[in-house]
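See structure below.
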Amino acid sequence: MSLRDFQRALTSLTLDVGFANAVYAGGIDALAAYELSPLEARRLERDFGVGLDAAALILDLEHEVRRLKGVLRAQGLGREI
Amino acid sequence: MTERPWPGVGVLFNPALIDFVQSHAAALDHLVVMPDRCWSDPGPGSPHRFEELPAAVAVVERALGQRTLAMHCIGLSLCSAEVFDLPYVDQLAAWRRRFGCAWVSEHLSFTRVGAGHEVNASMALPVPYDHEVLELLVPRVLEVQDRLGCPFLLENNVYYIDFPEQEMGEAEFLNRLMQRTGCGLLLDLHNVYTNAVNHGFDARRFLRSLDLDRVVEIHVAGGEPMMGFHTDSHTGPVAEGVWPFLEYVVPHTGMLRGVTFEFHESSWPMLHDAGVLAQLERARGILRDHAARPLQVA
C-alpha cells in the first residue's frame, strides 16, 4: 500500500501544480490523503513541491521548445532562434 | 553461424526518418522502433487495445530483412506498484516474434498509477532505489523475459529530482537487478551526462561502478540548457560531452550489440541526412577504434 500511495502522490505532485504548491507550503499535512511511511513522506515533502513543479515545467517546456523549433526551422528561421 | 561486425550503429526511429532509413540503408546496422507509437491503446479493460496504425507498421515491415530490428518501449510502466500489464507484455512478445526483434528495452521508471481507473503521467517518473522496489521488479523482469523470449534490457534513468535516503545508489540497484534476473542494460549515456550535470556527480565514477559487461545497447543523444538544468530533450546532434563517455565505456563492454542515436523529429530540419549520418559515422569510428571484440551471432 505504501509504495502504491507514494507513487500516486508523486504523480499528483508532478501533474498538479496546485497540489505541489500546497505540499511545499503545508508539508506533510497536505499529504494526509495518502498512506505514506515517514520516509516516503519526507521524500515528498522536502522541497519537492517546488522541485517537482520545476521538473514538470521543464518537461512541458522541452516539448514546447522542440515543437516551436521544428516549426520555425521548417520556415527557415532556425538560425535566428 | 555467420560473422557480423558487431557491435553496430543505428537510430531510434521517428517519423522524420521514413525516407532516411530507405535511402541510407547501408549506414544502419540496426533500427530501433517504439512499438507504442505503432498502435493505439486505450488501456486495460478496453476491447480495442493495440489497434495498429497502418502507416507506422508499414515502416517496420519495410525494414524487415534489411537490418536488425529492436524495440524500445515507453508504455509498460514496469515500476508501477499497482500495474503489471501482462497483456501489454504479450503484445510485445507477439511483435517480437512477428518482426524477429533482437532485443526489447524499457525504462526503469513508472508512468501509470491506479488500478481500474488508471492515470498516465505521460512522463517517466523515477523510483527510489530501495529493496522494496528491487523485490517488486525481480519477478516482473523474470516474467517479461520469459514471455518475450529474447534479451530484455532496462534503461538507466534521467531524473531532475533526487530522492533523499535511498537504500542504494542507481548503479548498485541496476547491478543487483541484472545479477538476479539476467536482464541486460540499455546504457543511455546522455541520461548519465544529464544527471551528472544537474546533480553534480562524477559521471566516469558512476560508469565505473556499473556492470558494463551487461550493456547490450547504448543510447547517445543531445539536450539543451533550460532553467539552470541540462535537459534530456533529444534536440539536435549528440552532446559533445557524451562522446568521451562512449569512448570510455565501449572497451569495457562484453555483449554490446549496438549504439543508437536518438533525436526528436522536430530536430530534423537542423540535422537532415548529413547530420544524422555524421552522428552515426562518429559512433562507428569509436566502435572501430575502441570495441574490445567483435561478436559472432547465429
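The values are calculated or read from the model by the stated rules, or taken from the named source; none is laboratory data. Values in this document were obtained by computation on a predicted structure and should not be read as measured data. Every residue, glycine as well, gets a Cβ built from its backbone with ideal geometry; the counts of neighbours run over all protein chains shown.
With the condition kept exactly as written, say whether any residue in segment B:165-187 is loosely packed, with under 15 Cβ neighbours inside 10 Å and among the acidic types (Asp, Glu).
Taking segment B:165-187 and keeping what is loosely packed, with under 15 Cβ neighbours inside 10 Å, we get B:165, B:167, B:169, B:179, B:182.
Narrowing the set further to residues that are among the acidic types (Asp, Glu) leaves B:165, B:167.
Yes: segment B:165-187 contains one or more residues that are loosely packed, with under 15 Cβ neighbours inside 10 Å and among the acidic types (Asp, Glu).
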*Return the only residue of B:ALA70, B:ALA56 being at pLDDT below 95 and not polar (S, T, N, Q).*
B:ALA56
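Give the residues of segment B:65-85 that are within 14 Å of chain A (Cβ to nearest Cβ) and closer than 30 Å to B:ALA27 by Cα, sorted by residue number. Spell out how you get there, then give the answer.
Of all residues in segment B:65-85, those within 14 Å of chain A (Cβ to nearest Cβ) come to B:74, B:77-84.
B:ILE74, the sole residue that qualifies.
Yes/no matrix, rows are residues, columns are (1) of a type in the set (D, E, K, R); (2) under 16 Å from the mean Cα position of the chain (by Cα):
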{"position": "B:HIS24", "(1), (2)": "no, no"}
{"position": "B:MET34", "(1), (2)": "no, yes"}
{"position": "B:PRO54", "(1), (2)": "no, no"}
{"position": "B:LEU64", "(1), (2)": "no, no"}
{"position": "B:THR68", "(1), (2)": "no, yes"}
{"position": "B:GLU82", "(1), (2)": "yes, no"}
{"position": "B:LEU86", "(1), (2)": "no, no"}
{"position": "B:ALA93", "(1), (2)": "no, no"}
{"position": "B:CYS101", "(1), (2)": "no, yes"}
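Taking the condition within 14 Å of another protein chain (Cβ to nearest Cβ), surrounded by fewer than 19 Cβ atoms within 10 Å (Cβ to Cβ) and more than 25 Å from B:VAL104 (Cβ to Cβ), does B:HIS272 pass? First the steps, then the outcome.
Working: within 14 Å of another protein chain (Cβ to nearest Cβ): yes; surrounded by fewer than 19 Cβ atoms within 10 Å (Cβ to Cβ): yes; more than 25 Å from B:VAL104 (Cβ to Cβ): yes.
Here the answer is yes, as B:HIS272 does meet what is asked.
Of B:ALA115, B:ALA63, B:ALA121, which residue is in contact with a Lys or Arg (Cβ under 8 Å, 6 or more places away or on another chain) and not β-branched (Val, Ile, Thr)?
Values: B:ALA115 fails: in contact with a Lys or Arg (Cβ under 8 Å, 6 or more places away or on another chain); B:ALA63 fails: in contact with a Lys or Arg (Cβ under 8 Å, 6 or more places away or on another chain).
Unique residue meeting the criteria: B:ALA121.
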*Out of (1) surrounded by 18 or more Cβ atoms within 10 Å (Cβ to Cβ); (2) over 18 Å from B:LEU185 (Cα atoms); (3) hydrophobic (A, V, I, L, M, F, W, C); (4) in contact with a Phe, Trp or Tyr (Cβ under 6 Å, 6 or more places away or on another chain), the odd one out for B:PHE13 is which?*
(4)
*So which residues in segment B:237-263 are surrounded by fewer than 21 Cβ atoms within 10 Å (Cβ to Cβ) and closer than 17 Å to B:ALA278 by Cα, if there are any at all?*
B:PRO237, B:GLU240, B:GLY241, B:TRP243, B:PRO244, B:LEU246, B:GLU247
*For residues that are part of a strand (DSSP E or B) and hydroxyl-bearing (Ser, Thr, Tyr), tally how many sit in segment B:16-74.*
2
_It is to be established whether one or more residues within segment B:248-265 are touching a His at 6+ places or on another chain (Cβ under 8 Å), assigned to a helix (DSSP H, G or I) and not β-branched (Val, Ile, Thr)._
yes
_Failed condition for B:VAL242, given (1) among the aliphatic types (A, V, I, L, M); (2) within 29 Å of A:LEU3 (Cβ to Cβ); (3) at pLDDT 95 or above_ = (2)
*Among the numbered criteria (1) buried (at least 18 other Cβ atoms within 10 Å of the Cβ); (2) out of contact with any Phe, Trp or Tyr (no Cβ under 7 Å at 6 or more places or on another chain), which single criterion is violated by B:ALA70?*
(2)
*Which of (1) at pLDDT 90 or above; (2) touching a strand residue (DSSP E or B) at 6+ places or on another chain (Cβ under 8 Å); (3) not hydroxyl-bearing (Ser, Thr, Tyr) is the odd one out, the single condition B:ALA93 does not satisfy?*
(2)
*Residues in segment B:117-143 that are facing chain A (nearest Cβ under 7 Å), farther than 15 Å from B:GLU82 by Cα and over 21 Å from the mean Cα position of the chain (by Cα): how many?*
0
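Looking at this structure, is B:VAL242 farther than 26 Å from B:GLU143 by Cα, of a type in the set (A, V, I, L, M), touching a strand residue (DSSP E or B) at 6+ places or on another chain (Cβ under 6 Å) and part of a strand (DSSP E or B)?
Values: farther than 26 Å from B:GLU143 by Cα: yes; of a type in the set (A, V, I, L, M): yes; touching a strand residue (DSSP E or B) at 6+ places or on another chain (Cβ under 6 Å): yes; part of a strand (DSSP E or B): no.
Taking the combined requirement at face value, the residue does not satisfy it.
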_Failed item in (1) among the small types (Gly, Ala, Ser); (2) at pLDDT 90 or above; (3) out of contact with any helix residue (DSSP H, G or I) (no Cβ under 8 Å at 6 or more places or on another chain); (4) surrounded by 13 or more Cβ atoms within 10 Å (Cβ to Cβ), with B:GLY43 passing the rest_ = (2)
